[in-house]
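S.K.: Sharing a structure, written as structure tokens. Questions coming.
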Amino acid sequence: MGYELIAAVDLGSNSFRLQIGRVLDDQIYPLDSIKEPIRLASGLTPDKLLDDASQQRAIDALRRFGERLRGFQPEAVRAVATNTLRVAKNAMSFLPYAEAALGFPIEIIGGREEARLIYIGVAHSLPAVNHKRLVVDIGGGSTEFIIGKKVEPLLLESLYMGCVSYTLRFFGDGRVDKKRFREAEVAAAREIETIAGDYQRFGWKEAVGSSGSARAIADLLELNGLNPGGVSGVTREGLERLRALLVRAGSADAMRLEGLRTDRLPVLPGGIAIMSAVFSELGIERMSYADGALRQGVLYDLLGRFHHHDMRDATVLQFMRRYQVDGRQAERVELTALSILGQLIDLDAPEHEIDISFLKWAARLHEIGISIAHGGYHKHGAYIITFADMPGFSKKDQARLALIVLGQRGKLEKVSAMPAGDPTWRLVFCLRLAELLHRSRGDQPLPGFSVRQSPAGFLLELPGDWLSANPLTSAALNEETQFWLRTASPLRIKRRAAPALPAAQAAQA
């Protein structure tokens, strides 16, 4: 399914942005954009709680975005939240109000997923080249570093430093002096030092900056002739001159420069300090600027999903290889689980598309925990899925997938926090039953069986003679009914009698 208009919402630590694009011949053309300087990171208290004022600013902005997005189909909008909501302890309690204001689900994405999407956005905004590019994106609460080639990110990292958080930490009262600026640079350098060696060994030919801080710095250097020889972008020499001008002025407000935007002034010192450390630690002499960033990456990633080039499928395949999953067993379980699901819902209905995907991913990854230990492997697998970097998956995606994998065997109390009507219960049922039926790990055909779901629970009907011939499976199914007794959907097993033979065949028998 494709859409003519698609939209990305970026809930950044400094600004919230809405980008609407028109899809034409697999390309996205910008149609409308809205930016709101929320400064969400400035609302984080010392104990990492988002204060009421910043929550209200966010809700108000999302309501305005929601008005613009009225009429959009849910599948055509993707909203992502970055560092501040990653670290805020009350993010989960804030999220339902934010989603209600916007009218669409909001995903809190991990740092490396943010880096991947940024690179996709940058790559689609620059000419195609064969060499490697280093992309640096200084956000409000984190800075992403990516080395990639063409549209493929190869090395991804996200560091916990941003223009809002550093400005508050080192220049909270607005004053800038040489000592404070040096402290900010050193703090940023220590963060970058942890990745510098790997990045320099990997190498790149061109450095590119993206998002607000890079653009603001590049504009100041170009418009005020601070770069040597009128070079565009950000240069080491130009950055040093800008740094000196800021320290001499004593504050960003006191600077008198062309192109100094009022919306960027409150976070400029932190952005310049981080950029100076980036140039110093990575040995950069010049950095160009790219218009593309996170929201453009979200749009192109969304477009890829419509065309069945979902990054999540590629990630699952890579995890299967990394954890040496038995591919044949995963395929057996997947096909049977989908067959069961097909008896419970219409697999061709668009509203069930995402549930089908989650069941496929869970079946393919249900045994990754065996790489740690066979005992409790469902728990090990759920742990890996919860905490690993999984490109394409939001934290909410990972939590749901981990829950299905966790619930694949044993008692169901561990997933009992799910509401009774949650469709994830159905996926857990399908995976459990498929795994149970394929316990022998062989290719022998399964008997004809039927599954139904009603308000009274699940009903599984199997041939009685097959159950008699397979006592181990029969005992496991009986135990399974006990596990489901304490849920809102108990499981009953019905033994189907063998059809009566015609009289002539019965006489011969």
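The values are calculated or read from the model by the stated rules, or taken from the named source; none is laboratory data. Because the structure is a prediction, the values reported are computed rather than measured. Don't worry about glycine lacking a Cβ; one is built from the backbone with ideal geometry, like all the others, and counts go over all protein chains shown.
S.K.: Which members of the range 97-124 meet the condition of being more than 16 Å from the chain's Cα centre (by Cα) and within 21 Å of A76 (Cβ to Cβ)?
M.R.: A98, E99, A100, A101, L102, G103, H124 - these are the residues of the range 97-124 that are more than 16 Å from the chain's Cα centre (by Cα) and within 21 Å of A76 (Cβ to Cβ).
S.K.: Any idea which residue in the range 125-173 is farthest from the chain's Cα centre (by Cα), counting only those that are of a type in the set (D, E) and surrounded by 23 or more Cβ atoms within 10 Å (Cβ to Cβ)?
M.R.: Residue satisfying both the conditions and the ranking: D137.
S.K.: Are any residues in the range 89-119 part of a loop (DSSP other than H, G, I, E, B) and either surrounded by fewer than 24 Cβ atoms within 10 Å (Cβ to Cβ) or at pLDDT 95 or above (or both), and if so, which ones?
M.R.: Answer for the range 89-119, where residues must be part of a loop (DSSP other than H, G, I, E, B) and either surrounded by fewer than 24 Cβ atoms within 10 Å (Cβ to Cβ) or at pLDDT 95 or above (or both): K89, N90, G103, F104, P105, G110.
S.K.: Exactly one of (1) in contact with a Cys (Cβ under 7 Å, 6 or more places away or on another chain); (2) within 28 Å of A91 (Cβ to Cβ) is unmet by W361. Its number?
M.R.: Result: W361 fails condition (1) only.
S.K.: Can you name the residue in the range 450-509 that is part of a helix (DSSP H, G or I), among the small types (G, A, S) and at pLDDT 90 or above and, of all such residues, is surrounded by the most Cβ atoms within 10 Å (Cβ to Cβ)?
M.R.: By that ranking, first place goes to S474.
S.K.: Look through R201, R261, R215, R241 and report the one residue that is touching a helix residue (DSSP H, G or I) at 6+ places or on another chain (Cβ under 9 Å) and in a helix (DSSP H, G or I).
M.R.: None of the others qualify; the one that does is R241.
S.K.: Before we move on, is D346 of a type outside the set (A, V, I, L, M) and surrounded by fewer than 15 Cβ atoms within 10 Å (Cβ to Cβ)?
M.R.: yes
S.K.: Test W425 against the criterion of being over 24 Å from I356 (Cβ atoms) and touching a residue at least 12 places away in the same chain (Cβ under 8 Å), and give yes or no.
M.R.: Answer is no for this residue.
S.K.: Is it the case that R78 is within 20 Å of H124 (Cα to Cα), surrounded by fewer than 22 Cβ atoms within 10 Å (Cβ to Cβ) and among the basic types (K, R)?
M.R.: So R78 fails the test.
S.K.: Which condition number does I195 fail, the rest of (1) farther than 24 Å from N227 by Cβ; (2) part of a helix (DSSP H, G or I); (3) touching a helix residue (DSSP H, G or I) at 6+ places or on another chain (Cβ under 7 Å); (4) not aromatic (F, W, Y) being met?
M.R.: (3)
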